[in-house]
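Chemist: Can you keep this structure in mind? I'll have questions shortly.
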Amino acid sequence: MGNKKLEVDIKVPNQTRYLSLIGKIGEDIAKELDKFNGDRETLAYHLNMVLTEAMANAIKYANAGDPERMVHICISISTDEILIKVFDTGQGFDINAIPAPNFDKLEDRGRGIYIIKSLMDKVSYRKHGKGNVLEMAKKLT
Amino acid sequence: MNLKTEEKNEIVVIYVKEERLDAHNSGDLKAEMQRLFQEGRKNVLVDLHEVRFIDSSGLGALVSGFKNAISNQGNLKLSSLQPQVKSMFELTRLHRVFEIYPSSAEALENF
């Protein structure tokens, strides 16, 4: 890929059956990076994970499970950073209001945002146009 | 979801025959564990040998099964976690909750 910026723009229906496709794209991108000296397999797994979690979140909470809506995902790769944006068209939620999981209490849910925040360097969720965007950045150097 | 269930010495072993355990299919595993405990089964082992990827929904389904086991005075144990899958249990501290064995054979000896 050299020093050029690569951008992958994907729109998929708001359905969980597309989670594996999106996760796989993240894995393939990690394996194609030219200048990355870290653990490629781990990066691939982590990109698969955050894309899966972010999209599942958009489907369930932001897009209210409506299968007619679309999830829009944009992945930009530069030499030193990978930036993933997940757009939704729903009501959204306050990412800072979601508490960290209580490890002593066994809850079925509530680990997704924690996993994203743990695996990425910078995470934000804000209003964008008529919907919202979840931005997740990871340094590659 | 592709699940294969076998019974060995009154222990039900659920082999998850999927590469991914995620928000798309984890509901099926959750329902199967719930069904077994409600039927009165006491010992369930979930073998994850073929699972290469697990997300928070997959972890949540297993937590749900674990809580089901407790409320029915039963046991839910796990076996054959691939390294990346195990790393997600560690990240979410769930490795401290579940009894996890390297193989189904070892798990079966420890019920």
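The values are calculated or read from the model by the stated rules, or taken from the named source; none is laboratory data. Fair warning: this is a prediction, and the values are worked out from it, not measured in the lab. Positions of Cβ are generated from backbone atoms using ideal geometry, with glycine treated the same way; all protein chains shown enter the neighbour counts.
Chemist: What are the pairs with Cβ atoms under 7 angstrom where one residue, in segment A:14-40, is among the small types (Gly, Ala, Ser) and the other, located anywhere, is surrounded by fewer than 20 Cβ atoms within 10 Å (Cβ to Cβ)? Sequence gap at least six, or different chains.
Modeler: That search, which allows pairs on different chains as well, returns A:ALA30/A:ARG40.
Chemist: May I ask you to verify whether A:VAL71 is in a strand (DSSP E or B) and within 14 Å of another protein chain (Cβ to nearest Cβ)?
Modeler: Judged against the criteria, A:VAL71 is a match.
Chemist: When segment A:81-133 is examined, which residues are found to be more than 17 Å from the chain's Cα centre (by Cα) and not in a loop (DSSP other than H, G, I, E, B)?
Modeler: Correct list: A:ALA97 only.
Chemist: Here is a further query. Out of all the residues in segment A:99-141, which are over 23 Å from A:CYS74 (Cβ atoms) and surrounded by fewer than 17 Cβ atoms within 10 Å (Cβ to Cβ)?
Modeler: Within segment A:99-141, A:PRO99, A:ALA100, A:ASN102, A:PHE103, A:ASP104, A:LYS105, A:LEU106, A:GLU107, A:ARG109, A:GLY110 qualify.
Chemist: Being surrounded by 18 or more Cβ atoms within 10 Å (Cβ to Cβ) and touching a Pro at 6+ places or on another chain (Cβ under 7 Å) narrows it down to one of A:ASN63, A:ASN14, so name that one.
Modeler: A:ASN14
Chemist: Could you please tell me which pairs satisfy a Cβ distance under 6 Å, a separation of 6+ or placement on different chains, a first residue in segment B:48-72 that is more than 24 Å from B:SER103 (Cβ to Cβ), and a second residue that is outside any loop (DSSP other than H, G, I, E, B) and modelled with pLDDT under 95?
Modeler: Pairs found: B:SER56/A:GLY112.
Chemist: May I ask you to say which residue of B:LEU3, B:LEU59, B:LEU48 is closer than 23 Å to A:THR16 by Cα, of a type in the set (A, V, I, L, M, F, W, C), surrounded by 23 or more Cβ atoms within 10 Å (Cβ to Cβ) and away from every other protein chain (no Cβ under 13 Å)?
Modeler: Being closer than 23 Å to A:THR16 by Cα, of a type in the set (A, V, I, L, M, F, W, C), surrounded by 23 or more Cβ atoms within 10 Å (Cβ to Cβ) and away from every other protein chain (no Cβ under 13 Å) holds for just one of B:LEU3, B:LEU59, B:LEU48, which is B:LEU48.
Chemist: In addition: Can you tell me which residue within segment B:87-111, out of those that are within 14 Å of another protein chain (Cβ to nearest Cβ) and touching a helix residue (DSSP H, G or I) at 6+ places or on another chain (Cβ under 7 Å), is farthest from B:LYS42 (Cα to Cα)?
Modeler: B:LEU91
Chemist: Filter segment B:90-111 down to the residues that are among the small types (Gly, Ala, Ser) and in a helix (DSSP H, G or I) and list them by number.
Modeler: Of everything in segment B:90-111, those that are among the small types (Gly, Ala, Ser) and in a helix (DSSP H, G or I) turn out to be B:SER104, B:ALA105, B:ALA107.
Chemist: I want to confirm something. Restricting to segment A:22-42 and keeping residues that are in a helix (DSSP H, G or I), more than 13 Å from the chain's Cα centre (by Cα) and not hydroxyl-bearing (Ser, Thr, Tyr), which single residue is modelled with the lowest pLDDT?
Modeler: First, the residues of segment A:22-42 that are in a helix (DSSP H, G or I): A:22-32, A:40-42.
With more than 13 Å from the chain's Cα centre (by Cα) added as a condition, the list becomes A:28-32, A:40-42.
Restricting the remaining residues to those that are not hydroxyl-bearing (Ser, Thr, Tyr) gives A:28-32, A:40-41.
Details: A:ASP28: 96, A:ILE29: 94, A:ALA30: 93, A:LYS31: 90, A:GLU32: 87, A:ARG40: 93, A:GLU41: 94.
Residue satisfying both the conditions and the ranking: A:GLU32.
Chemist: Given the structure, is B:LEU81 within 16 Å of A:GLU53 (Cβ to Cβ), aliphatic (A, V, I, L, M) and either within 14 Å of chain A (Cβ to nearest Cβ) or more than 10 Å from the chain's Cα centre (by Cα) (or both)?
Modeler: no
Chemist: Oh, and also: Would you say B:GLN38 is within 14 Å of another protein chain (Cβ to nearest Cβ) and surrounded by fewer than 20 Cβ atoms within 10 Å (Cβ to Cβ)?
Modeler: no
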